[in-house]
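Remarks on the structure that follows.
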């Protein structure tokens, strides 16, 4: 009866555990995409490893992106205090967009150096990133609309600013995806930059302020 | 001694953690079934990706089904408040039916477009789905029989309605499995429809009412 | 500071979470060992699936064995109330014997029908099972010796009975391993029977009584 | 709202759960690196298994190293009592170095017996180990600097000793990596010895004392 009235285990506890589990597994499965090169007698392992660089780049960008999503999901649940059946289902769909990411990561790593396939792979990768950002917003907006799952004393002006700031995610990722039509490298470079930018201390989300208020 | 008398960690806590873990891993492992197509110089990655559509369909149906099972297992433990040795073992068998799902998912994805193999693959997939639903009912019925693991003040009339409503799972999935003998596509379409239907807000389980009462 | 003085999270909490995680992942990874058969135009998927039966048998025995180990580990922590550095390390080695099980499971599934390899595969499988049982006893004995990690009011006579009853694990698994030298099928049949036997309600461990006393 | 003010769930709880998840998955995925040998009619499974010994050695060293890192991360959070956005991000990068370990483990297992590739593989493996140790120190130093995330009453002299003792990790692993330039076997032997040494009871970290004081 952990979810109802046990002291110290909140109503959102099991959702957070499940979401953390899926994100922890998806982030760790990414490593299976990096191959171990075979080397014949004339080749060197060093150069075979260097040739694999798109795999490391794709690994790092996807890992950091899931990590950042996890941190932000974590922040959401510092203010969300209830769940509903529909909210749980919305989170399942959100988690599906994250859990599928190892696949487009392997796709882009495999096809990044092929002139003909690069654009298609970058678009699939970008669309997955965009879908994650869209579903993150859907989860938040469901919880925040009319303070459905938030405490009643939240500052509504600050809440509106938080909701607006989250919109930058889908917009930026969609722009990065469209960029791939012009040049796949620029598109992927943008995703890498976004991962690094959000990793920096100053980029902490506005929801932190809400938390201090709420 | 988390399971006995620590405040804030109920007797069912570790079972819920383990079950969440197995379900989170099974749902995330599904992605390994989606392959990265290789493309020769005459082919295009785009059309190779489109040809793989049974893999995406199988992935989505299995992912949403496990997600829905997780949500419902979560609901069960809002009223179940104790465990026994036999109940833990019953949950282990229940989790086995879920943990095996990535395999029939890969099976159906691989064989969906082969006239000769399609029916067999659809039956194996359907039987796994049916086994999950049967074991879910077994877990619930063990807990509910004579209020074995439920609080004493549960409304017995409502309890009977909840138990009856859960029976629709095995019946529908068995019907879907038998449908495959006639046409594998209809069978799989039914499983997809069920996943979408249970995802919708209105389909919340009756156990929610029990929870408000209990 | 969850592990020290937060109410509701005991000192053993994080060890239990980590152990549950490793066991949940090992049990779920087992599914990757079951292959999806390819079928040429003359073959049938049905018979190809039936030919794979050693994979299903190995999967089921390993799954149920890890499940039973999890239930028993869970029981241990109903009386263990502290940890030490050495105890954490002992658990890491215990978890290594469980985490490696998917490998001998794949080994036996692959070689069960080969006359020449069967015995070797069965011995490796049996030795892994024996190692799990030995480490389980080592974990328990470290905790129980001089009531090192147990509450002071435990009934010492009952404790001695519990410790003795756990010894049946390594003895039976070692016997099953040696049986493989004579006939690999009997050896594996014994492991299957053990898994089914421990699954049955009556086989609940004596530690349950300790729990009621302690 | 588990992370803010629920009694019994501290502010660091969800970070610990996520970190435990990633470490539990990385440690368990290592098993996928051990292959099942195929045997032709003239070979024996026994000798094919013995020839695979670098895979078992690499598995054991990596497993025990992640296990030891987990125990030490666990110890850190017996004194760390708060988180910040930057600290969460630092932990994401730390977890990336651990989550990638299955890859260099597979690399060294594959290339250990090839004269020409051995050194390169050992350097990549050693650099990953060093990166783990460096990030572990970065996580600790961020938390400890000016008692940023520690309780105010920590003994500062003891704290300085703890911080100094953790420095031995990156130094030893970097030395082991450089050793590979001279002889890859000595390098790997050192990593194996380190894993065994840290497993022994006497090697418990000084932070334990801090915990008793703090």
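The values are calculated or read from the model by the stated rules, or taken from the named source; none is laboratory data. Remember, it's a predicted structure, so these values are computed and weren't measured experimentally. Because the Cβ atoms are built from the backbone with ideal geometry, glycine has one as well, and the counts that use them run over all protein chains shown.
When residue A:11 is tested against (1) within 9 Å of chain D (Cβ to nearest Cβ); (2) in contact (Cβ under 8 Å) with a residue 24 or more places away in the chain; (3) in a helix (DSSP H, G or I), just one condition goes unmet, and that condition is (3). Scanning region A:83-94 turns up no residue that is crowded, with 17+ Cβ neighbours inside 10 Å and more than 12 Å from chain B (Cβ to nearest Cβ).
Please go through region B:57-78 and pick out each residue that is more than 9 Å from chain A (Cβ to nearest Cβ) and within 30 Å of residue A:113 (Cα to Cα).
Of everything in region B:57-78, those that are more than 9 Å from chain A (Cβ to nearest Cβ) and within 30 Å of residue A:113 (Cα to Cα) turn out to be B:57, B:58.
In region D:105-123, which residues are in contact (Cβ under 8 Å) with a residue 40 or more places away in the chain and either under 17 Å from the mean Cα position of the chain (by Cα) or part of a loop (DSSP other than H, G, I, E, B) (or both)? Result: D:105, D:106, D:108, D:112, D:113, D:122, D:123.
For region C:139-154, the criterion of a residue being away from every other protein chain (no Cβ under 11 Å), under 25 Å from residue B:82 (Cα atoms), in a helix (DSSP H, G or I) and modelled with pLDDT of 90 or more is satisfied by at least one position. Restricting to region D:24-43, give me the number of residues that are at pLDDT 90 or above and within 8 Å of chain C (Cβ to nearest Cβ). Residues in region D:24-43 being at pLDDT 90 or above and within 8 Å of chain C (Cβ to nearest Cβ): 10 in total.
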